[in-house]
Amino acid sequence: MEKKIVFASHNPDKAREVREMLSPLGFDVLTLSDVNLKQTKEETADTFEGNSRIKAEDIASQCDYAVLSDDSGLSIEGLGGFPGVHSARFMEGRHYLEKNKAILEKMEGMTNRKAAFVTAMTYISPDRTIEKTFVGRDEGVIIDELPTGEQHGFGYDPIFYSFALKKTYGASSDDEKNAVSHRGRALKQVVSFLGGTNNGTDTGNR
Ligand code: IMP
């Protein structure tokens, strides 16, 4: 019997990635739209882990399925972790071309260009006895200038050079990026946890 799990996001691209990884384990991945639920709590934590817990607990309090949430962003060492948990809200409403330009301007002349993309994912079991948060990071640097060629991906992808890929996310295909990305790494930990025993899913055939 398929085990249902609610992925606490409306983003269909993320949901597709999660579905691809979890369906081989017998999970039927539902989005918030599928179950007609909404996030009701604000993301007030100052860490990705904290915000992913807020989202997961919020959705878990509204249904009795297993829940998986995610929270992610870019953390730039020389800017004290900025934009960090504010990655989505930084210069809200403006195009990412402008946001990326603004970041490069903030970093002009800065020699420490270390940065990481980070994802925290929180799993809550259907019987609510297990809550576990997994963190995936991909380390790299912020490049000096906006790239001129055609870009793949979204958000801050064009300005992040991944050490693992030896190129920017913007210059990488989806498959290349997913293999090493923060989200990919967090998801692999979730898969390995859910693929094991004692993860609380056996009570969840609802
Ligand atoms: P979310 O919490 O995963 O929706 O991401 C928050 C924000 O972080 C996004 O709106 C993007 O600005 C940024 N972000 C997260 N992951 C990525 C990525 O893989 N590439 C580029 N930007 C990202």
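Residues that are of a type in the set (Phe, Trp, Tyr) and within 14 Å of the ligand (Cβ to nearest atom) occur in the range 34-50; there is at least one.
Is it the case that ASP71 is buried (at least 18 other Cβ atoms within 10 Å of the Cβ), at negative phi and within 16 Å of the ligand (Cβ to nearest atom)? For ASP71, the condition - buried (at least 18 other Cβ atoms within 10 Å of the Cβ), at negative phi and within 16 Å of the ligand (Cβ to nearest atom) - is met. Among the residues of the range 99-141, the one identified as among the charged types (D, E, K, R), within 16 Å of the ligand (Cβ to nearest atom) and either closer than 17 Å to ALA8 by Cα or surrounded by 22 or more Cβ atoms within 10 Å (Cβ to Cβ) (or both) is ASP138. Of all residues in the range 153-188, those satisfying the criterion of being away from the ligand (no atom under 11 Å from the Cβ), surrounded by fewer than 17 Cβ atoms within 10 Å (Cβ to Cβ) and not charged (D, E, K, R) are PHE163, ALA164, SER173, ALA179. Checking the structure you have, find out if any residue of the range 142-152 is assigned to a strand (DSSP E or B) and surrounded by 21 or more Cβ atoms within 10 Å (Cβ to Cβ). Yes, the range 142-152 contains at least one residue that is assigned to a strand (DSSP E or B) and surrounded by 21 or more Cβ atoms within 10 Å (Cβ to Cβ). Selection of the range 62-85 for residues being within 21 Å of ASP28 (Cβ to Cβ) and either more than 16 Å from the chain's Cα centre (by Cα) or of a type in the set (D, E, K, R) (or both) yields GLN62, CYS63, ASP64, TYR65, ALA66, ASP70.
Every number in this text was worked out from the coordinates using simple rules, so none of it is lab data. This one's a predicted model, so the numbers in the text were calculated from it and none came from an experiment. Don't worry about glycine lacking a Cβ; one is built from the backbone with ideal geometry, like all the others, and counts go over all protein chains shown.
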